[in-house]
Amino acid sequence: MKDSLLGKYCIVTIGHVVSKIGEIKKVNNRTIHVDWGHKVMIYLNKDFRWIPMTKEEIEQQYKKSKFTAETLNRAAELGIEMK
């Protein structure tokens, strides 16, 4: 499980708009560390509620119009190309 989560991304939405993109940086037996850009949050495994996605999955599932200007900049920092 640890290796399958590392390097994947998490999306936070408000309605149909993407408000945050996080990258999973570290996975321990009890915690998952997610870098949200402005800070790294540490979640207990039981409190982690996101579905980890790859860059390709995000690019296919979400359109550019669903992103705010801030999240478009964050996506570009992470190497995610929005169409």
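Each value in this text was obtained by applying a stated rule to the coordinates, not by laboratory testing. Only a predicted model underlies this, so the values are computations on that prediction, with no experimental measurement involved. Counting neighbours? That spans all protein chains shown, and the Cβs are built from the backbone with ideal geometry, glycine included.
Per-structure values
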read-out: Values of log10 I(q)/I(0), in the order q = 0.27 Å⁻¹, for the range 8-78 under a Debye, Cα-only, solvent-free model; value: -1.33
read-out: Low-density loop cleavage sites - GluC sites (Glu not before Pro) in the range 30-83, where at most 16 other Cβ are within 10 Å (DSSP); value: E81
read-out: Nearest 10 degrees, 0 to 90: helix 69-78 Cα axis against the chain principal axis; value: 60 degrees
read-out: Antiparallel bridges, percent of DSSP beta bridges restricted to the chain (to nearest 5); value: 95 percent
read-out: Added length on full extension, which subtracts the Cα-Cα distance from 0.36 nm per residue, M82 to W50; value: 9.5 nm
